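The next block holds one structure in the form of structure tokens; read it before the comments.
What follows draws every value from the coordinates through simple rules; no lab data is involved. Computed from a predicted structure; not experimentally measured. Here the Cβ positions follow ideal geometry from the backbone for every residue, glycine too, while neighbour counts run over all protein chains shown.
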Amino acid sequence: MSDVTTEEHAGQPGGTEPLPLASFDDPHLQPLARHPKRAEAVTGIFLLIGLLGFAAYGATYWVGGQPQVEGIALGVGLFAFGFGLSAWGKYLLPQGPFVEKRHALRSTDGERAAMAAAVVERGGMVVKRRSFLGGVLGLGGAVMGVVLAFPLLRSLGPVPAKTFEVTNWKKGSRLVDNLGRPVHAADLEVGGALTVFPEGYTSEQDMAVDQTILIRVAGPDTNVVTEASRATWGPDGYLAFSKVCTHAGCPVGLYQHQTQQLLCPCHQSLFDVGQGRPATNVFGPAPRPLPQLPLYVDEEGYLRSQAGYDQPIGPGFWERTTT
Ligand code: FES
């Protein structure tokens, strides 16, 4: 380590000698610091490795599914980039401690000229020759900043778009069970319940959104009216409601025929069904009734939907997405 000091300049009022620049031949310097080109090469290589590590981490994270590779790439990136920065500070920047005696604030004209000459003289080495390192450092920092945002962006999951606002139920959809078997009006006893889906949609995502609970609250030839505007929605004693709880999206799977209530097992929300009660939420945190699917029985006796749901299914959040 070299001590670099300034001396008061006798003869110049209030002036000091310009700050002497450290010599690369200073025997106190570390070996690498005495060879700036070598130090630059080492620094540049490590910064580049760091940059590539960050890029590899970002690419692996974006594809997903390989946490070990992500960890290795990020570790290599951070280590190499950190090492590069340390090497830059240790071998390429002036080493202290520096001591400067108090002097007049304004430099003399001679000092200013000397400083300008020093910048011109050393600038080529200090600034120009290190522009490559500066570029790698800036690019590496930018890549690191971008890839560090990946976990946040990826953790948000896929954009839901209209997925939760629109189901696959539409006019004429035939009700099928989880094995794809059509549901006939004679299939359920009074008090029975069955999870149904629109025929033809079997993917996991479709089934998660479309899942509907079909319950039979009365016998044949009974039109169950949950409210005046839904006079034809419950043919032959059947009612159908979205199974996705309006609280947090759990499947509402339990039907108690004695009380004519649907129960969500997650947080015990209760929904009253039956005459005059369109799955009204009567207990628990669910903020609104379960959307009802309008049904009809076709000529062959199979249950079909008159139309899709007339409102978004699922948690109350979606209520705020529609007017
Ligand atoms: S998810 Fe149904 S009550 Fe909470």
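Structure data summary
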quantity: Rounded to whole Hz, the Karplus (6.51, -1.76, 1.60) HN-Hα couplings of region 227-234, x for glycine and proline; calculated: 6, 3, 6, 10, 4, 10, 7, x
quantity: Sorted by Cβ density within 10 Å, fewest first, the residues THR167, THR202; calculated: THR202, THR167
quantity: Relative contact order [Cα under 8 Å, 6+ residues apart], region 175-321, whole percent; calculated: 21
quantity: Convex hull volume per residue in cubic angstrom - Cα atoms of region 175-321; calculated: 106
quantity: C-alpha center-to-center spacing [region 255-295, region 82-121] in angstrom; calculated: 77
quantity: Packing-based order for 297-305, 233-241, using average beta carbon neighbours within 10 Å, highest first; calculated: 233-241, 297-305
quantity: Cα→Cβ-extended label distance, 7 Å offset, between LYS101 and GLN311, nm; calculated: 8.6
quantity: Under 27 Å, Cα to Cα: Lys pairs in region 128-252, sequence gap 8 or more or different chains; calculated: 5
